[in-house]
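First up is the structure itself, then whatever we jot down about it.
The values are calculated or read from the model by the stated rules, or taken from the named source; none is laboratory data. This structure is a prediction, so every number in the text was calculated from the model and none was measured. Every residue, glycine as well, gets a Cβ built from its backbone with ideal geometry; the counts of neighbours run over all protein chains shown. Ligands, DNA and RNA are stripped out before the accessible areas are found, and what is left, the full protein with its side chains, is counted by its heavy atoms. Shrake-Rupley method; radii C 1.70, N 1.55, O 1.52, S 1.80 Å.
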Amino acid sequence: MIYFDNAATTPLDTEVYEYMCTIMKEQYGNPSSVHALGRSSKVLIEDSRSLIAGLLKVQPSEIYFTSTATEAITTAIFGLIRKSGIRRIITSAIEHHAVQHAIDFVHKIYPLQLSFVRLDKNANPDLEHLEDLLTENPSSLVILMHANNETGSVFPINSISKICKHYHAPFFSDMVQSMGKYENDLSDNGPDITCCSAHKLHGPKGVGFLYLSKNVSISPLITGGGQERNMRSGTENIYGIAGMAKAFEIAYRDMKKNREHITKLKNYFADKLKSNFPELIFNAQNDTKGLYNLINFSVPDVYKNKMLLEKLDMQQIAVSGGSACNSGVVKASHVLEALNADTNIPALRFSFSKYNTFEELDFSIEALKKLLFKN
Ligand code: PLP
């Protein structure tokens, strides 16, 4: 199988796999137990926390391990609205459903005012509009993602963070798609709150974290035994946490090399697409500004464009038609709709990783040539 669906999830890195196998065999103590086996599991968790915090340039005490990013997102939004008394959320129309549905969830409980920052068709946010919204009501929670999972468009989170700090508005940015791809120094004009899912950076599934700056205080979503300093109870997923830390270590160690390789793949593929299929419509592609591993394009009716995902799948090429979490359900993408793209025609998302090769791209272009002939 040729795997071009890395925005949905990534294959586990072999180094991570081997590290986790050793831990699974040897490290079974409950981190809350006081005996040596428990203490050793506790040390493993704290070492993992320190490693991740060090790479993001924050304090270990600001990292809370969760299951996936979805849990971190729900905890953050629900916990902040509950604790802070803030009743206005400023967000965008292209956030992931994990964020949108968490907002809907709190909206059912608290009387919230929702405002949406204007975006242009390339998903650039209007920062003056954000300032206007904050001037009207500085006591707002701002929720704007870093990199969009469908189009790869990237919001300027450092500029957004500066604006939010000026108005003393807490800023939550979903950084699921950019973690491990960029250095993401959170100490310097980063968001106050962010989240991560390890499976997006060649780590294991079912583990992630919430970063909560020490300046922000929220109520926990899950209560119980008081693990994670009362922020997220439940016996810790030590294998997942250690695997995630290993995935981070590898991602930062090899970042420059991987970024160069993947950028070349993307540029090569984009050039081939443009020269072979000049009528394709590239969605929110800001050339150098977008995620370097993702391409999203719509296929207009001048081409035979029915059942493309299925036909590519039959050629052993795995791509996505939109948000991975929607796969299996044919539904217009809320992201493309918000960007005024034509959602009556199919869109394809190719997302690359360090494991992809130029041969795979050539094979895919040949496959597309067989599929996308003109009507
Ligand atoms: N946010 C973004 C931008 C994502 O791409 C995803 C997953 O696709 C999520 C949040 C949710 O991540 P998870 O399903 O691992 O909780």
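Could you work out the helix-only [θ] at 222 nm for the chain, with each DSSP H run of four or more residues adding -39,500 (n - 2.57) and the total divided by the number of residues, to the nearest 500 deg cm²/dmol?
After summing the helix terms and dividing by the residues of the chain, the value is -12500 deg cm²/dmol.
May I ask you to give the solvent-accessible area per residue for segment 1-60, in square angstrom, as obtained with a 1.4 angstrom probe?
Ligands and nucleic acids excluded, the figure is 53 Å² per residue.
First compute the accessible area of the chain with a 1.4 Å probe, then give the percent of it belonging to carbon and sulfur atoms.
Answer for the chain: carbon and sulfur cover 53 percent of the accessible area.
Quick one: angle between helix 157-166 and the longest Cα principal axis of the chain, in degrees between 0 and 90, rounded to 10, please.
50 degrees
Nearest-5 percent of antiparallel DSSP beta bridges in the chain?
Bridges in the chain that DSSP calls antiparallel: roughly 55 percent.
Note the per residue figure in Å³ for the convex hull of the C-alpha positions in segment 249-294.
71 Å³
Using the heavy atoms of the protein chains alone and a 1.4 angstrom probe, what is the accessible area of segment 208-285 per residue in square angstrom?
46 Å²
For each pair in 57/246; 205/264; 200/289; 274/306; 306/374; 181/289, compute the distance between the two Cα atoms and list the pairs where it is over 24 Å.
Exceeds cut-off: 205/264.
What longest range of the chain stays clear of loop-exposed trypsin sites (Lys or Arg not before Pro) (DSSP non-H/G/I/E/B, at most 13 other C-beta within 10 angstrom)?
Excluding the exposed sites themselves, the longest stretch runs over 122-213.
Return one number: the angle in degrees, 0 to 90 and rounded to the nearest 10, between the long axis of the Cα atoms of helix 238-253 and the longest principal axis of the Cα atoms of the chain.
That helix lies at roughly 60 degrees to the long axis.
Looking at the square roots a ≥ b ≥ c of the eigenvalues of the Cα gyration tensor of segment 185-239, which shape do they give, rounded for a/c under 1.5, prolate if a/b is larger than b/c, or oblate?
Note, shape of segment 185-239 comes out oblate.
Can you classify segment 1-72 as rounded, prolate or oblate using the Cα gyration tensor, where a ≥ b ≥ c are the square roots of its eigenvalues, rounded means a/c under 1.5, and otherwise it's prolate if a/b beats b/c and oblate if not?
Oblate.
Run the reach check for residue 214 against aspartates and glutamates, Cα to Cα strictly under 16 Å, same-chain hits fewer than 8 apart removed. What comes back?
62, 185, 188, 192, 228
Report, to two decimal places, the Cα Rg of segment 46-163 normalised by 2.2 N^0.38 Å (N = number of residues).
My calculation over the Cα atoms of segment 46-163 gives 1.13.
In square nanometres and to one decimal, what's the mean projected area of the convex hull around the Cα atoms of the chain?
For the chain, the mean projected area of the Cα convex hull comes to 18.4 nm².
On the Cα set of segment 96-183, report Rg and Dmax in Å, please.
Every Cα atom of segment 96-183 included, Rg and Dmax give 13.2, 37 Å.
Give the residue from 166, 221, 133 lying farthest towards the positive end of the charge dipole for segment 117-247; charges sit on Cβ (+1 for Lys and Arg, -1 for Asp and Glu) and the dipole is referred to the Cα centre.
Result: 221.
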